[in-house]
Amino acid sequence: MPSLQDGSNSKPASDEELQKFRVGELKPHNAPITLVEYDPRWPELFDREADRVRSILGNKALRVEHVGSTSVPGLCAKPIIDMLLVVADSADEPSYVPALEAAGYTLRIREPEWFEHRMFKGPDIDINLHVFSAGMSEIERMLRFRDWLRANDTDRDNYARAKRNLAQRVWRHVQHYADAKTSIIQEIMDRANAAK
């Protein structure tokens with residue numbers, strides 16, 4: 001998912017800028033992006049992982065949602081399940097990080113300046129678990145984008161076409177590919193917001 005740190009610039013974020021938010025070593029991608037056709041098993045993988053997160057965190061998991069391209073039937077995607085986890089305060093890492101890490105999740109991203117975003121990788125399913133505090137505007141933006149693409153074939157197809165074109169390039173970091181999608185995402189969000 002694009003973040004304001006890197007997506008607001010026309011120039012790709014440097015390795016140093018990206019490492020600032022990385023927990024652990026930043027490793028270059030230096031390849032095109034692998035996109036696959038929609039897989040009807042993705043919602044099942046999400047459900048399995050969502051159940052696991054809820055069982056680990058109990059009532060600290062205020063909301064768990066399937067987001068990103070794997071949550072949109074018919075949309076090509078990187079075969080990584082994007083999940084949204086809402087907690088009371090994502091900056092209060094002691095309240096949820098140790099429990100997730102004990103279950104095999106790995107904290108990879110910490111972005112205090114961007115909605116207090118945290119991102120984990122999963123123990124055995126390729127996921128990006130995005131964590132935000134309750135009430136953050138990014139939560140509703142992510143859900144509105146998902147819901148709009150689920151309901152609007154034209155914008156889903158436009159987004160898929162843009163993703164396929166961008167994916168063919170060699171990207172030093174996957175985040176650079178994500179940031180390159182900012183303009184098409186904004187165009188789609190403008191239409192989604194105008195339709196509200």
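Quick check on segment 21-48: of everything there that is part of a loop (DSSP other than H, G, I, E, B) and β-branched (Val, Ile, Thr), which residue is most open to solvent (accessible area, probe 1.4 Å)?
THR34
Return yes when TYR177 is under 19 Å from LEU75 (Cβ atoms), at pLDDT below 95 and not basic (Lys, Arg) and no when it is not.
Spelling it out, TYR177 is indeed under 19 Å from LEU75 (Cβ atoms), at pLDDT below 95 and not basic (Lys, Arg).
Among the candidates LEU129, LEU143, which residue alone is out of contact with any helix residue (DSSP H, G or I) (no Cβ under 8 Å at 6 or more places or on another chain), under 24 Å from ASP89 (Cβ atoms) and not polar (S, T, N, Q)?
Just one listed residue meets the conditions, LEU143.
Filter segment 158-196 down to the residues that are open to solvent by 40 Å² or more (accessible area, probe 1.4 Å) and acidic (Asp, Glu), then identify the one that is nearest to GLU138 (Cα to Cα).
Selected residue: ASP190.
Give me the residue from segment 1-13 that is more than 16 Å from the chain's Cα centre (by Cα) and open to solvent by 40 Å² or more (accessible area, probe 1.4 Å) and, out of that set, modelled with the highest pLDDT.
Of everything passing the filter in segment 1-13, PRO12 is modelled with the highest pLDDT.
Return the total of residues in segment 79-116 being outside any loop (DSSP other than H, G, I, E, B) and of a type outside the set (D, E, K, R).
Total satisfying the criteria: 16.
Modelled with pLDDT of 95 or more, outside any strand (DSSP E or B) and closer than 30 Å to ARG191 by Cβ - does that describe any residue in segment 121-130?
No, segment 121-130 has no match at all.
Restricting segment 92-107 to residues that are touching a Pro at 6+ places or on another chain (Cβ under 9 Å) and surrounded by 14 or more Cβ atoms within 10 Å (Cβ to Cβ), which is farthest from ASP155 (Cα to Cα)?
Only one residue tops the list, namely ALA103.
Condition check: surrounded by fewer than 18 Cβ atoms within 10 Å (Cβ to Cβ), within 18 Å of the chain's Cα centre (by Cα) and under 17 Å from ARG146 (Cα atoms). Does PRO112 satisfy that?
no
ASP155 versus (1) closer than 30 Å to VAL87 by Cβ; (2) open to solvent by less than 20 Å² (accessible area, probe 1.4 Å); (3) part of a helix (DSSP H, G or I): which is the lone unmet condition?
ASP155 satisfies every listed condition except (1).
In segment 53-63, is there at least one residue being under 17 Å from the mean Cα position of the chain (by Cα) and within 26 Å of ARG164 (Cα to Cα)?
No - not one qualifying residue is present in segment 53-63.
Of the numbered conditions (1) assigned to a helix (DSSP H, G or I); (2) on the phi > 0 side of the Ramachandran plot, GLY135 satisfies every one except a single condition; which is it?
Result: GLY135 fails condition (1) only.
Within segment 58-77, which residues are open to solvent by less than 10 Å² (accessible area, probe 1.4 Å) and assigned to a helix (DSSP H, G or I)?
The answer is THR70, SER71.
Please work out if THR154 is of a type in the set (Ser, Thr, Tyr) and within 27 Å of GLN168 (Cβ to Cβ).
yes
The values are calculated or read from the model by the stated rules, or taken from the named source; none is laboratory data. Because the structure is predicted, anything quoted here is derived from the model rather than measured. Backbone-built Cβ (ideal geometry, glycine too); neighbour counts: all protein chains shown. Calculation scope for accessible area: heavy atoms of the full protein, side chains included, ligands and nucleic acids excluded. Shrake-Rupley method; radii C 1.70, N 1.55, O 1.52, S 1.80 Å.
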